[in-house]
1. Can we say Arg96 is touching a residue at least 12 places away in the same chain (Cβ under 8 Å), over 10 Å from the mean Cα position of the chain (by Cα) and assigned to a helix (DSSP H, G or I)?
2. Only one residue in Ala37, Ala59 is part of a helix (DSSP H, G or I) and farther than 22 Å from Ile166 by Cα. Which one?
3. Looking at the structure I just gave you, is Val52 among the β-branched types (Val, Ile, Thr), in contact with a Phe, Trp or Tyr (Cβ under 8 Å, 6 or more places away or on another chain) and modelled with pLDDT of 90 or more?
4. Limited to the stretch 1-56, what total is found for residues that are free of Cβ contacts under 8 Å to residues at least 24 places away in the same chain and hydrophobic (A, V, I, L, M, F, W, C)?
5. Are any residues in the stretch 121-155 under 21 Å from His61 (Cα atoms) and of a type in the set (S, T, N, Q), and if so, which ones?
6. Is it the case that Pro71 is more than 13 Å from Trp107 (Cα to Cα) and in contact with a Leu (Cβ under 9 Å, 6 or more places away or on another chain)?
7. Let me spell it out: the conditions are (1) farther than 25 Å from Met24 by Cβ; (2) among the acidic types (Asp, Glu); (3) modelled with pLDDT of 95 or more, and Glu70 meets all of them except one. Which number is the exception?
8. It is to be established whether one or more residues within the stretch 98-110 are modelled with pLDDT under 95, of a type outside the set (A, V, I, L, M, F, W, C) and out of contact with any strand residue (DSSP E or B) (no Cβ under 7 Å at 6 or more places or on another chain).
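The values are calculated or read from the model by the stated rules, or taken from the named source; none is laboratory data. This one's a predicted model, so the numbers in the text were calculated from it and none came from an experiment. Using ideal geometry, Cβ is built from the backbone for each residue, glycine included, and neighbour counts are taken over all protein chains shown.
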Amino acid sequence: MIPILGPVQEAWEAEWQPVGTPAMVGVTVGLALFGLAAMASEPGWIPLLDGVNLLFHEAGHPLFGFLGWEPLTILGGTLMQLLVPLLVVGSFWLRREAPGTAVAGMWCCENLLNIARYVADARAQLLPLVGGGEHDWTDLLGRWGLLTRDTAIARGLSAAGWLGMIACWAWLVWRWRQANRMRS
């Protein structure tokens, strides 16, 4: 067996830690506040959270650039923006901590809202870009012959983001209900 697969197999077979009511309430209130902030802010941009996400995005370009394939260098920003929260999801999942797994999953899905904003701007190019460089999604969608579909793709990404966040919350509710049944 590959050494790293041992802990993964153990985690897969382990029981989830019970979800307490305070954790469930905290995540629910946090998600509701996030939703309000998302609706009150510029679409697809939550100032503090997406500022952090932008750092990961920008770090992804040079990190994936080491692989030497230009399209991957360009896409690397978006990939890193999703990869970091997915690694956090994995960390909580391995420890079988449902609230952390759900919140990190919501973080990953929230990134889809921000990515959708960037994709939707591919033709218009109105967003300010870090360093004033090239627009990632103008280049990528142009290469793939999808530039005229930028707003449709963005709507799909945005819908996937909202549905994903709701699914993460619903999964946590299910884990909480399972824990309450076990206590009864």
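1. Values: touching a residue at least 12 places away in the same chain (Cβ under 8 Å): yes; over 10 Å from the mean Cα position of the chain (by Cα): yes; assigned to a helix (DSSP H, G or I): no.
It is false that Arg96 is touching a residue at least 12 places away in the same chain (Cβ under 8 Å), over 10 Å from the mean Cα position of the chain (by Cα) and assigned to a helix (DSSP H, G or I).
2. Result: Ala59 is the single residue among Ala37, Ala59 that is part of a helix (DSSP H, G or I) and farther than 22 Å from Ile166 by Cα.
3. The answer is no for Val52.
4. Adding up the residues that qualify gives 16.
5. Within the stretch 121-155, Gln125, Thr138 meet the criteria.
6. Numbers: more than 13 Å from Trp107 (Cα to Cα): yes; in contact with a Leu (Cβ under 9 Å, 6 or more places away or on another chain): yes.
Criteria met by Pro71.
7. Failed condition: (3).
8. yes
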